[in-house]
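Everything below concerns the one structure shown next.
Every read-out reported here was derived from the displayed coordinates using simple, explicitly stated rules and does not represent laboratory data. Keep in mind it's a predicted model, so treat the numbers as computed, not measured. So basically every Cβ, Gly included, is an ideal-geometry build from the backbone, and we count neighbours across all protein chains shown.
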């Protein structure tokens, strides 16, 4: 074997070893990426289990806490609040012109005497403005029957019977992934707030593409098809929420800015450092509506 041939073979073996090492490093990088993705997926699943709008048990109230665990040393105030409004929800496939709505009696009695809406056909179009006159100022809601006609009918029914008058927004969450103000329970006992409802429930009106963000109005629940009277306003980040909560309208920018002030004042921790009663109380004095557009 000539010296030239030997050098060529050495060079070939060296190149082959380099190629093998590069392939191994590339494989390790791929495995690392898969591992990281798996960890993220597991975290997302865990967050999905715990990120449910809820509090105490009750047939038509949020059941399990959806609030993500706060990092060590986290305070009871939001680290940041998004300022951009989320796009108003819109069904990818419109509902029929009319849908059937039914309201079933709940196992739990009503926290405040109220009549359920009548069962039957409801138009799946039009909007209804509702104003919540509260201790922090007016919160202006726009209910959308194209999104959730049965929910809108129930909410207007409760407004018409003054169900929300003189009630307290009992829950505020300020952690990243879940920033909402929750209201709609007329229970006056502080120890039981969050467990009350109207004595009836109705089915979810959700869809897989449903997203939540700043300005979205949605129903709280304690599981599938347990909607009652409790609702929440997303004032910030809601990336931790799965599409399990019926969105039925929006809240305007000035109203959200009022809620921002409440959030920045912090919570009185109950379900964790970022979940509890608002340090600045939010009391609904009256709820009023106008005719549909």
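Please report Rg over Rh for the stretch 149-293, where both radii come from the alpha carbon positions and Rh follows the Kirkwood definition.
We get a ratio of 0.93 for the stretch 149-293.
So what is the relative contact order of the stretch 51-289, in percent, for Cα pairs below 8 Å that sit 6 or more residues apart?
With pairs under 8 Å counted, the relative contact order is 31 percent.
In terms of the ratio Rg/(2.2 N^0.38 Å) built on C-alpha atoms, what value belongs to the stretch 51-289?
So the stretch 51-289 has a normalised radius of gyration of 0.92.
So for each of 205-211, 243-249 I average, over its residues, the number of other beta carbons within 10 Å; can you give me the resulting order with the highest mean first?
Those peptides, ordered most packed to least, come out 243-249, 205-211.
Please report the spacing between the Cα centers of the stretch 133-175 and the stretch 186-238 in Å, no decimals.
Going from one Cα centre to the other spans 10 Å.
Which residues in the stretch 259-288 have a backbone N closer than 20 Å to a point placed 7 Å from the Cα of residue 79 along the Cα-to-Cβ line?
Within reach of a label on residue 79, which here means backbone N under 20 Å from a point 7 Å along Cα→Cβ, the stretch 259-288 contributes 260-261, 263-276.
May I ask you to compute the full-extension gain from residue 207 to residue 96, defined as 0.36 nm times their residue separation minus their alpha-carbon distance, rounded to one decimal in nm?
The residue 207-residue 96 span can extend by a further 38.5 nm.
For the peptides 85-95, 134-144, what is the packing order when you average, over each peptide's residues, the other Cβ atoms within 10 Å and list the highest mean first?
So the peptides 85-95, 134-144, ranked by packing, come out 134-144, 85-95.
Length gain on complete extension for the stretch residue 188 to residue 252, per 0.36 nm per residue less the alpha carbon to alpha carbon distance?
Length gained, residue 188 through residue 252: 20.2 nm.
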